Structure formats: structure tokens, C-alpha cells
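Right, one structure below, let's go through it.
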Amino acid sequence: QQQVKQSPQSLIVQKGGISIINCAYENTAFDYFPWYQQFPGKGPALLIAIRPDVSEKKEGRFTISFNKSAKQFSLHIMDSQPGDSATYFCAASIRGSARQLTFGSGTQLTVLP
Amino acid sequence: DTGVSQNPRHKITKRGQNVTFRCDPISEHNRLYWYRQTLGQGPEFLTYFQNEAQLEKSRLLSDRFSAERPKGSFSTLEIQRTEQGDSAMYLCASSLAPSGGGTDTQYFGPGTRLTVL
């Protein structure tokens, strides 16, 4: 059962543009929502994360917007650069002993120079 | 390099053979996770260790899979009687449990890519 749905599957953006990736979740017990960036041949790396008690978190060019009532959250990459070209995964986890991450299916972002 | 390391990086095996992967977490990290990632998909949780204790296993982890973390340091993941459906990237992650509650960050290794012929 897929508990975190991510879209789009792929995204092409011009350099300097805004990249937007969306995720929706089903399990209301989720209380931690990270975004991971993965380059080919590498493991995922944490980019930014948010808790449901805030609606937005910004770190540099990366912003998470969170809508608790709609059970949706999104990643915005401002001033997208070719170096941002990678696969992005949203994830969610439940407070508890394991904190295992449930990942979305990923978005392959290509930023054209 | 003080990150999570995994060996081997690539493994090609024939169906029916046994394979073992190793993960060395970031030192002092007491939590260790194994995930499996197939092409075009996000990682899927397999199992979790707190120190040397295996505390949770996914239903994805069939009885052909076994994981250990002796002495709470490195971990091994063994797959017995491999099947073509086992072909995937096996990722290891580690984290440090926060002392005052909160959320720990999982740091991933580069993964071991398994191909079963």
C-alpha cells in the first residue's frame, strides 16, 4: 500500500526557474516529512524536513509548504540550477521506536542550462 | 570519509546463490536501517536495529533474508537462495537517537546494487 504519493514523475525546468514537486499522504499518524535528494550512484541525502506544526520551512533556495488539512506537502526549488538535476523523494515517518521512512516514488528533475 | 559505507558496491550472482552485504554506519550512531530500492521507485524499509537489537522487520523481509548487527557496530544483510526479483539497490542508513526526543536524521550509504541472473 503506497502511503505517500508523489508527482510529477519527471520535471524539466529552465535554469533560474522554479521547480515544484508535490506529495500527498494518507496516514494521519505521520508527523515528520523530509525531502531527500539522490544523485546517480549515490544514496539519498537529506535536503530539508518539516513537522506538521508549521506550514512552511525555508532553507536557502529550498522551501517546503505543508497543508495539514489537505494532507499534502510540496518542495519548491527557487532559481533552479543545473546542479540541482537529481531525483527527489518525499518521505514521511511516524513517531515511535523505529522512525522508518516511507518514501514517495521519486521525481527526476532536469534543469536545462 | 566518515559517512556510511557499504560493501560491495555491486554484486552479480546467479539465481539460487547466497549473498551477503555489509554496512558500516557512522561511528556512534546507534540506529541502523536497511532499505531496498528498485529502479524508478523510492526506497522501501526492510529492517531496523537499535544498537544490536533488531527491533522491527518489514513484511517485505521474507524468511530468505536475515540481518545482523553484532556488537551494535557494522551490520550484514544476507539473502539466501536469491531470486531474480531480489535484484535491487540495497541501502543502509544510520542515525543517532536524540536524547531528548525529537527526530533523528537518517544518513544513507551509497548502496549495494544486486543483480540476480
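How about segment B:29-87: which strands (runs of 3 or more DSSP E) wholly inside it have at least 1 residues that are of a type in the set (Gly, Ala, Ser)?
Values: elements: B:31-37, B:44-50, B:53-57, B:65-68, B:75-79.
Result: B:53-57, B:65-68, B:75-79.
The conditions are (1) under 20 Å from B:Arg31 (Cβ atoms); (2) within 13 Å of another protein chain (Cβ to nearest Cβ); (3) without any contact (Cβ under 8 Å) to a residue 24 or more places away in the chain, and B:Gln50 fails exactly one of them. Which is it?
Exception for B:Gln50: condition (3).
Would a scan of segment A:56-75 turn up a residue that is in a loop (DSSP other than H, G, I, E, B) and within 20 Å of B:Gly42 (Cβ to Cβ)? Lay out the reasoning, then the answer.
Step one: filter segment A:56-75 for residues in a loop (DSSP other than H, G, I, E, B), giving A:60-61, A:68-71.
From the residues that got through so far, the ones that are within 20 Å of B:Gly42 (Cβ to Cβ) too are A:71.
Yes.
Please work out which residue is nearest to the other protein chains (Cβ to nearest Cβ), limiting yourself to segment A:1-52 and to residues that are of a type in the set (A, V, I, L, M) and in a loop (DSSP other than H, G, I, E, B).
If we filter segment A:1-52 for residues that are of a type in the set (A, V, I, L, M), which is where we start, we get A:4, A:11-13, A:18, A:20-21, A:24, A:29, A:45-50.
Narrowing the set further to residues that are in a loop (DSSP other than H, G, I, E, B) leaves A:18, A:29.
Working: A:Ile18: 23, A:Ala29: 14 Å.
Taking the candidates together, the pick is A:Ala29.
Which numbered condition trips up A:Ala91, out of (1) within 14 Å of chain B (Cβ to nearest Cβ); (2) out of contact with any Leu (no Cβ under 7 Å at 6 or more places or on another chain); (3) farther than 19 Å from A:Val111 by Cα?
That leaves (2) as the condition not met.
Looking at (1) facing chain A (nearest Cβ under 8 Å); (2) within 11 Å of the chain's Cα centre (by Cα); (3) surrounded by fewer than 18 Cβ atoms within 10 Å (Cβ to Cβ), which is the one condition that is false for B:Ser66?
(1)
Out of curiosity, is B:Thr38 of a type in the set (Val, Ile, Thr) and under 26 Å from A:Phe39 (Cβ atoms)? Lay out the reasoning, then the answer.
Details: of a type in the set (Val, Ile, Thr): yes; under 26 Å from A:Phe39 (Cβ atoms): yes.
Yes; evaluated as a whole, the condition is true for this residue.
May I ask you to say which residue of A:Ser55, A:Ser80, A:Ser69, A:Ser74 is out of contact with any Gly (no Cβ under 7 Å at 6 or more places or on another chain), away from chain B (no Cβ under 11 Å) and crowded, with 16+ Cβ neighbours inside 10 Å? Outline the logic, then answer.
On the way: A:Ser55 fails: crowded, with 16+ Cβ neighbours inside 10 Å; A:Ser80 fails: out of contact with any Gly (no Cβ under 7 Å at 6 or more places or on another chain); A:Ser69 fails: crowded, with 16+ Cβ neighbours inside 10 Å.
Unique residue meeting the criteria: A:Ser74.
Report, by residue number, each residue of segment B:48-82 that is within 24 Å of A:Gly41 (Cα to Cα), at pLDDT below 95 and of a type in the set (Ser, Thr, Tyr).
Listed by number, the list holds a single entry, B:Tyr48.
If I ask for residues that are within 11 Å of chain A (Cβ to nearest Cβ) and either among the aliphatic types (A, V, I, L, M) or more than 10 Å from B:Tyr33 (Cα to Cα) (or both), which ones from segment B:88-98 would you list?
B:Met89, B:Tyr90, B:Leu91, B:Ala93, B:Ala97, B:Pro98 - these are the residues of segment B:88-98 that are within 11 Å of chain A (Cβ to nearest Cβ) and either among the aliphatic types (A, V, I, L, M) or more than 10 Å from B:Tyr33 (Cα to Cα) (or both).
Only one residue in B:Gly101, B:Gly85, B:Gly111, B:Gly40 is exposed (fewer than 14 other Cβ atoms within 10 Å of the Cβ), within 10 Å of chain A (Cβ to nearest Cβ) and either under 30 Å from B:Arg15 (Cα atoms) or at pLDDT 95 or above (or both), so which one is that?
On the way: B:Gly101 fails: either under 30 Å from B:Arg15 (Cα atoms) or at pLDDT 95 or above (or both); B:Gly85 fails: within 10 Å of chain A (Cβ to nearest Cβ); B:Gly111 fails: exposed (fewer than 14 other Cβ atoms within 10 Å of the Cβ).
After applying the criteria, what remains is B:Gly40.
The values are calculated or read from the model by the stated rules, or taken from the named source; none is laboratory data. All of these numbers come straight from a predicted model, not from anything done at the bench. Because the Cβ atoms are built from the backbone with ideal geometry, glycine has one as well, and the counts that use them run over all protein chains shown.
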